[in-house]
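Structure first, then comments.
Every number here is computed from the coordinates shown, using simple stated rules; none is lab data. Here the structure is a predicted model, which is why all the values come from computation and not from measurement. Note that each Cβ is placed from the backbone with ideal geometry, even for glycine, and that neighbours are counted across all protein chains shown.
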Amino acid sequence: MAMTVQGVTLPYSGLFIEHWQAPAAGVYAVMGPNGAGKSQWLSLLAGQLKVRGGTVKRGRHRIGLVMQHPEHQIAEDLVSTEVLWPYGATRRTAPEFLASVAQVKDRWALDGFWDDSPWTLSTGQKRRLVFAVYDLLNPDVLLLDEPSESLDGEWKDRTRRWVAERARDHLVLIASHDWPWVLSFVDQGYWCEGTLDNKPKDLGELWYERQVPPSGRLEELWRELLDRSAPVGLREWIDPQIAAGQAVKLWHWKHGAH
Amino acid sequence: MALEARRTLNALVVVQALAIGIAVIYMSADIWAMGLWLVLLVVAQWRLRQPMTARQGLALLSGAALWGILAYVNRPLEPMRTREALAAWTFIRFFAVLWFSVLILRATSLWALVSHLEWALKRVIGPRAAAGELALMALVAMRFIPVLGASARHLRADARMRRQLAGNPARWNDALRFVMPLVMASILRSENVAEALWTRGWRAGVTPWPKPWTARDWAATGALWLFLIIAWKEKI
């Protein structure tokens, strides 16, 4: 049974969800201004937020939520214990489980601090640890709240590849303000402001329609080009190299040089 | 009008109103007087436009009921009717006192209350660090406790989610899993709070600069004490 939310108004943010049905699989962004209710919506889907009125059906989906602040998901004194505590002793010795643990350790580069306290880690490392925990738990629906926050360039890239791989046969929802990061690999998204769209839209179009204040000069320039109907793509500004190439093509096009 | 007046009064007037109100309500021994206080509380609640939630109502009722039960249990030698009447009166009084206190505290900034009390204390005993430290403890507790409560809820929800995802039944000690991270997070947060306070110029031995005492505050204080004297003399 598909996960659905109907006639729900979230407390504080006042976000109204008339009808929302979860797509079967894939990665979708949840974008919107601060305080619009994105994190609350993810908490609602994860069953952590109770609301009066409306219906929320989660079916038999196994849902995992990576929260915005990793400190809210760290409870042990060792990184290894943090990853392994939910599992029973029998399972922990099963060869296939040990293989999964090794894979997760390798993916999130936990070897270097496997026997350290999670409280000594940087925020980015703590976030990687929580990703590792949910990577091993392997939920059907993974909800990520501001996942790129405090990650360096390399780990943003690795996280993007991990999410894209998961999204082939799982559903991943990402609440974020990091437009360049989500635009680099997410095709569709929901806009969250007052109400929640019931169907996802093209994320590039969503970025352009919503006219968010530009984060930099390149984004501003791209918006201007799009406003003037220049033959440029909606997402090319996120990569300065592609944008530069496009600018050269544009120059040739303008001056008739081929 | 009443709301505007409430905003302009000095927090020390509010402290006096709280103390005098509690004393008068608790001294009331007539049914009509208690009825009058309850009607006034309903009016005040309506004027504040802050409806009481079911949880708050339940907390008021259960707190007052606890005192009523204690009054009944602590007088085993009295006749049954006296004990019942005493329990009922204690329940009503505590209910009114708690309700009044909640209303006053909701209508005032707790931060303003504590900093004005710190100012008053330092005026009496001098700018001693102990007074500032006491105020700091109260302020930090007020800021910390709701944040810690929210953290605890997140941690418990996460523990429950992980157990379900791992296919294992929840254990009794999962509910306590939030204790250690809460201590660690508190230590980390307290550093930030201390730094923020210091950079804003807070020092334990320096007298804060609260809102000045105005003619309106003198009038309100006079009216409050007059009300207390009348209530006491007339045995309302």
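Under 5 Å between amide hydrogens, which residues at least 5 positions from A:LEU121 or on another chain qualify, with H placed 1.01 Å from N in the peptide plane?
Distant-sequence amide H within range of A:LEU121: zero hits.
Put one equal scatterer on each alpha carbon of the protein assembly as shown, apply the Debye formula with no solvent term, and list log10 I(q)/I(0) at q = 0.08, 0.09, 0.10, 0.11 1/Å to two decimals.
Relative scattering, expressed as log10 I(q)/I(0), comes to -0.74, -0.89, -1.01, -1.11.
When Lys and Arg each count +1 and Asp and Glu each count -1, what net charge do the other residues less than 13 Å away from A:ALA230, Cβ to Cβ, add up to?
Neighbourhood net charge equals +1.
From the mean inverse distance of alpha carbon pairs (Kirkwood) and the Cα radius of gyration, derive Rg over Rh for chain B.
Working: Rg = 22.7 Å, Rh = 21.6 Å.
Rounded to two decimals, Rg over Rh is 1.05.
So if I place +1 on the C-beta of Lys and Arg and -1 on the C-beta of Asp and Glu, and nothing else carries charge, what would the dipole magnitude of the range B:80-236 be about its Cα centre? I want it in debye, nearest 20.
With Lys and Arg at +1 and Asp and Glu at -1, about 320 debye.
Using only the alpha carbons of the range B:1-138, determine the length spanned along each of the three principal axes and report them from longest to shortest in whole angstroms.
Ordered largest first, the range B:1-138 gives principal extents of 54, 37, 28 Å.
Loop only per DSSP, at most 12 neighbouring Cβ atoms within 10 Å: give me the trypsin sites (Lys or Arg not before Pro) in the range B:15-78, ordered by residue number.
B:ARG49
Using only the alpha carbons, work out the radius of gyration and Dmax of chain A in angstrom.
20.5, 71
Measure off 7 Å from each Cα along the Cα-to-Cβ vector at A:PHE97 and B:ILE69, then give the distance between these two points in nanometres to one decimal.
Result for the modelled spin labels: 4.4 nm.
State, to one decimal in nm², a quarter of the convex hull surface area for the C-alpha atoms of the range B:112-236, i.e. the direction-averaged projected area.
With the hull built on Cα positions only, its mean projection is 13.4 nm².
Can you give the three extents of the C-alpha atoms in the range A:170-257 along their principal axes, from longest to shortest, in whole Å?
The principal-axis extents, from largest down, are 46, 26, 22 Å.
How big is the range B:179-232 along each principal axis, measuring the range of its Cα positions in Å and listing the largest first?
54, 30, 17
Straight-line reach from A:LYS105: which lysines have Cα under 21 Å away, leaving out those fewer than 8 places along the same chain?
Filter leaves A:LYS126, A:LYS156.
What is the Cα radius of gyration of the range A:1-42 over 2.2 N^0.38 Å, N being its residue count?
With N residues counted in the range A:1-42, Rg over 2.2 N^0.38 Å equals 1.22.
At what distance in angstrom do the alpha carbon centres of the range A:5-31 and the range B:172-218 lie from each other?
With the range A:5-31 and the range B:172-218 each reduced to a Cα centre, they are spaced 36 Å.
Quick one: net charge around B:SER186, please, counting Lys, Arg +1 and Asp, Glu -1 for every other residue with C-beta under 13 Å from its C-beta.
0
What residue among A:ASN138, A:ILE174, A:TRP155 has its Cα farthest toward the positive end of the dipole of the range A:135-178, where the charges are +1 on Lys, Arg and -1 on Asp, Glu, each on the Cβ?
With unit charges placed on the Cβ atoms, the residue in question is A:ASN138.
Sum -39500 (n - 2.57) across every DSSP H segment of at least 4 residues in chain B, then divide by the residue count to get the 222 nm mean residue ellipticity, nearest 500.
For chain B, the value works out to -27000 deg cm²/dmol.
Compute the whole-percent fraction of alpha carbon pairs in the range B:142-186 spaced more than 15 Å apart. Kindly include the intermediate steps, with their values, before the conclusion.
Numbers: 427 of 990 pairs.
Percent of Cα pairs beyond 15 Å in the range B:142-186: 43.
What is the mean projected area of the alpha carbon convex hull for the range A:1-140, to one decimal in square nanometres?
Numbers: hull surface 40.1 nm².
Answer in nm², one decimal: 10.0.
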